[in-house]
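Engineer: The structure under discussion is supplied below as structure tokens; questions concerning it will follow.
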Amino acid sequence: MISILVRRILSLIITLLIVSLVIFTVMDLLPGDPAAIMLGTSASPETLAALRTQLGLDQPLPVRYLAWLAGVFRGDLGQSYTYGVPVAGLIAERLSVTLPLALMAIVISVLIAVPLGVQAARRHNGVFDLVAGLFSYVSIAVPAFWVGLLLIIFFSTMLGWMPAGGFPGWDAGLLAGLQALLMPAVALALPQAGVLTRVARAAVLDVMNEDFVRTARAKGLSDGVAVWRHAVPNALVPVVTMLGLQFTFLIAGAVLVENVFNLPGLGRLAYQALSQRDIVVMQDVVLFFSGLVILMNFLVDLAYLAIDPRLRANAQ
Amino acid sequence: MIRALRRPVFLIGLAITLALFAVALLSLVWTPFPPARMQIVQRLKAPLEFGLLGTDQFGRDVASMLMVGAWNSLSTSILAVALGATVGTALGVFVAMRRGWLELVVMRGCDIIFAVPPILSAMILGAFIGSGRFTAIISIAVFMVPVFARLSLGAALQIWTRDYVTAATGMGRPKGRITLVHVLPNISNQIIVQVTIQLGLAILTEAGLSFLGLGMPPPTPTWGRMLADSQTFLGQAPWLALLPGLAIALAVLGLNMLGDGLRDLLDPRDNS
């Protein structure tokens, strides 16, 4: 087990290094001189050259990559060209919006999907199963950002119950912050919930025919208790796996939904950084997102290994 | 065929998809109004008040824009998926044939591509070559390559263990020929099903890209940009936000149902 773990971690590190190299090189090739963007069109060539030296832009690519990488390891992600502040702080600040948003979306999607999927499996081929099936078909098909627009139309412009967008900051109080994130989180959660409902239903159906569930029933446990105490915990494994695999889509959704709701999150930061050619911010944010996705896949892999002894034997 | 008629999921999916293609193709020769014609006097008219589905903030006919949007969305997605599926499948079956270190390299490469969401790669690519249909197609296609490479590699490896392939190898058939004659035809069903499902995903991604202004430039109507434009008029003209979203959802729903239905039809063993 230890040797597999070491090998997986090594492969994770190599993947991350390659990704960072690719991202750095690609971003570096972007047209547009950051120094010219910072100083505007009226700057003299001497000032431009001085700024380029100060930013280290006159160094060759490998040197700059290594310097950037060394910075990443120290937690120093460089200075944003447009905001003039350290990128690490910028990412941390934006993460305080995106992270709670993503977590809320995950919680909401699980809260919708697991009961729906379990109930659909218990009423296999019944009316409830059909309704849950329809729900998952429709929710997978709707774009998260459109759900966001519909929520704004209904709850903000028509009923006036919820803020239509923006984020008051966590200083305004936990409740105000959560309220601002509720509709975006629901919009992000709905497509995820559709996928998860299917996975949960299929997993519970699989497990329900296993001996231990039958034994639990034979022991005299009621149908509901047998399913929720014995079938559901086992069925949660594929649900968690799917959550990990869907992470890329959650991030893509967050970029869009943050734009719909005007949330100062990481997705919006990436979008703004790109339109302002803030290459340092862009490099760091894309690396951050990609690293997160790779890490998620790695954790899913590990979870599999921990759960299924057959895979362990295979990987030896 | 008889079995196909008994599958409601397949039938509904097929009907929606055919209708979508019909509307998209019809928009090439006919729309109720020219989609770019602005009639400011008729601006923000509700559905049925002007035309079938009302007008937008410039007095353009929403129904006509949606029709042209269907063509733009479909053609972009089809090209992207075709490109991604071709490259990915070719890569997958080639790796299945060679194996060894190549398998490791390609699979790692897939992990890396998979780690960058298509929205981000489209933003980056857009910064290079400007946003537009080409950028959208390439960014979506790049994301599709690993999907098809993984799928076809797994499926092809299974075929390579079959007796008839061993027999062909024993008879001295070259590997390339075995791939063409035995492997590709036997994995084509799985590829077709995946193409249908990925088309739905491509439509969603394309809509997201044009929503962010990374898709086809104005005045070409796209469903995504119609949604982006509607944001200013959510209170005044909610149908401007409702209708393009409905079009996207319906298109994706149809393709997903068609894909699921095809999977059941083509692989009766996999009826979960």
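Engineer: Take the residues in the stretch A:239-270 that are more than 12 Å from chain B (Cβ to nearest Cβ) and without any contact (Cβ under 8 Å) to a residue 60 or more places away in the chain; name whichever of them is farthest from A:I294 (Cα to Cα).
Structural biologist: A:M242
Engineer: Looking at B:L255 and the list (1) farther than 19 Å from A:S139 by Cβ; (2) within 11 Å of another protein chain (Cβ to nearest Cβ); (3) crowded, with 24+ Cβ neighbours inside 10 Å, which single condition is not satisfied?
Structural biologist: Going through the list (1) farther than 19 Å from A:S139 by Cβ; (2) within 11 Å of another protein chain (Cβ to nearest Cβ); (3) crowded, with 24+ Cβ neighbours inside 10 Å, B:L255 breaks only (1).
Engineer: Report yes if some residue within the stretch B:18-32 is open to solvent by 20 Å² or more (accessible area, probe 1.4 Å), modelled with pLDDT under 80 and out of contact with any Asp or Glu (no Cβ under 9 Å at 6 or more places or on another chain); otherwise report no.
Structural biologist: no
Engineer: Is it true that A:S222 is out of contact with any Cys (no Cβ under 6 Å at 6 or more places or on another chain), polar (S, T, N, Q), within 13 Å of chain B (Cβ to nearest Cβ) and without any contact (Cβ under 8 Å) to a residue 40 or more places away in the chain?
Structural biologist: In short, no.
Engineer: Please count how many residues of the stretch B:150-170 are touching a Gly at 6+ places or on another chain (Cβ under 6 Å) and among the basic types (K, R).
Structural biologist: 0
Engineer: While we're on this one: Hey, does the stretch A:205-217 have a residue that's basic (K, R), within 25 Å of A:V114 (Cβ to Cβ) and assigned by TED's automatic domain parsing to the domain that holds A:S156?
Structural biologist: The answer is yes, given that some residue of the stretch A:205-217 is basic (K, R), within 25 Å of A:V114 (Cβ to Cβ) and assigned by TED's automatic domain parsing to the domain that holds A:S156.
Engineer: Please name all residue pairs, on different chains or six or more residues apart, with Cβ atoms under 7 Å, provided the first residue is in the stretch B:41-57 and is open to solvent by 40 Å² or more (accessible area, probe 1.4 Å) and the second residue is in a loop (DSSP other than H, G, I, E, B) and of a type in the set (F, W, Y).
Structural biologist: Within 7 Å, the pairs are B:Q42/B:F50; B:R43/B:F58.
Engineer: In this structure, does B:A15 turn out to be in contact (Cβ under 8 Å) with a residue 60 or more places away in the chain, closer than 16 Å to B:L262 by Cβ and under 26 Å from the mean Cα position of the chain (by Cα)?
Structural biologist: So B:A15 passes the test.
Engineer: How many of the residues making up the stretch A:247-303 are part of a loop (DSSP other than H, G, I, E, B) and either on the phi > 0 side of the Ramachandran plot or among the small types (G, A, S) (or both)?
Structural biologist: So the count comes out to 3.
Engineer: In addition: What are the residues in the stretch A:55-91 that are polar (S, T, N, Q) and within 24 Å of the chain's Cα centre (by Cα), if any?
Structural biologist: A:S80
Engineer: If I go through the stretch B:198-229 residue by residue, how many of them are small (G, A, S) and either touching a Pro at 6+ places or on another chain (Cβ under 7 Å) or surrounded by fewer than 24 Cβ atoms within 10 Å (Cβ to Cβ) (or both)?
Structural biologist: Of the residues in that region, 4 qualify.
Engineer: With respect to the numbered conditions (1) at negative phi; (2) not in a helix (DSSP H, G or I), which one is the sole condition not fulfilled by A:L116?
Structural biologist: With respect to (1) at negative phi; (2) not in a helix (DSSP H, G or I), A:L116 is out only on (2).
Engineer: Hey, another quick one. Quick one: in the stretch B:97-124, which of the residues that are small (G, A, S) and more than 17 Å from A:M27 (Cβ to Cβ) is farthest from the other protein chains (Cβ to nearest Cβ)?
Structural biologist: Looking at the filtered set, the residue picked out is B:G100.
Engineer: Could you list, in sequence order, the residues of the stretch B:232-249 that are buried (at least 18 other Cβ atoms within 10 Å of the Cβ) and either more than 7 Å from chain A (Cβ to nearest Cβ) or free of Cβ contacts under 8 Å to residues at least 24 places away in the same chain (or both)?
Structural biologist: B:L234, B:A237, B:P238, B:W239, B:L240, B:A241, B:L242, B:L243, B:P244, B:G245, B:A247, B:A249
Engineer: Can you tell me which residues in the stretch A:152-188 are open to solvent by 70 Å² or more (accessible area, probe 1.4 Å), touching a residue at least 12 places away in the same chain (Cβ under 8 Å) and in a helix (DSSP H, G or I)?
Structural biologist: A:W170, A:Q179, A:L182, listed by residue number.
Engineer: So which of A:L221, A:L243, A:L274 ends up being out of contact with any Gly (no Cβ under 6 Å at 6 or more places or on another chain) and under 28 Å from A:R7 (Cα atoms)?
Structural biologist: Among A:L221, A:L243, A:L274, only A:L243 is out of contact with any Gly (no Cβ under 6 Å at 6 or more places or on another chain) and under 28 Å from A:R7 (Cα atoms).
Engineer: Find the helices (runs of 4 or more DSSP H) located wholly in the stretch A:1-67 whose residues include 2 or more that are within 14 Å of another protein chain (Cβ to nearest Cβ) and open to solvent by less than 40 Å² (accessible area, probe 1.4 Å), and list them.
Structural biologist: Here the list reads A:2-29.
Engineer: For the subset of the stretch A:255-306 comprising residues that are surrounded by 21 or more Cβ atoms within 10 Å (Cβ to Cβ) and acidic (D, E), which member is farthest from B:G213 (Cα to Cα)?
Structural biologist: A:D284
Engineer: Determine if the stretch B:130-145 includes at least one residue that is more than 30 Å from B:R60 (Cβ to Cβ), at pLDDT below 90 and among the polar types (S, T, N, Q).
Structural biologist: no
Engineer: Do we have B:F134 as of a type in the set (F, W, Y), farther than 30 Å from B:R98 by Cα and under 18 Å from the mean Cα position of the chain (by Cα) here?
Structural biologist: Yes, satisfied.
Engineer: Could we say that A:V72 is touching a strand residue (DSSP E or B) at 6+ places or on another chain (Cβ under 9 Å) and among the aliphatic types (A, V, I, L, M) here?
Structural biologist: no
Engineer: If I filter the stretch B:209-220 for residues that are under 20 Å from A:T248 (Cα atoms) and facing chain A (nearest Cβ under 9 Å), do I get at least one hit?
Structural biologist: Within the stretch B:209-220 (the criterion being under 20 Å from A:T248 (Cα atoms) and facing chain A (nearest Cβ under 9 Å)), the answer is yes, since at least one residue qualifies.
The values are calculated or read from the model by the stated rules, or taken from the named source; none is laboratory data. These numbers were taken from a predicted model, which means no experiment stands behind them. Virtual Cβ from ideal backbone geometry, glycine too; neighbours counted across all protein chains shown. Just the protein is used for accessible areas: all its heavy atoms, side chains included, with ligands, DNA and RNA removed. Shrake-Rupley method; radii C 1.70, N 1.55, O 1.52, S 1.80 Å.
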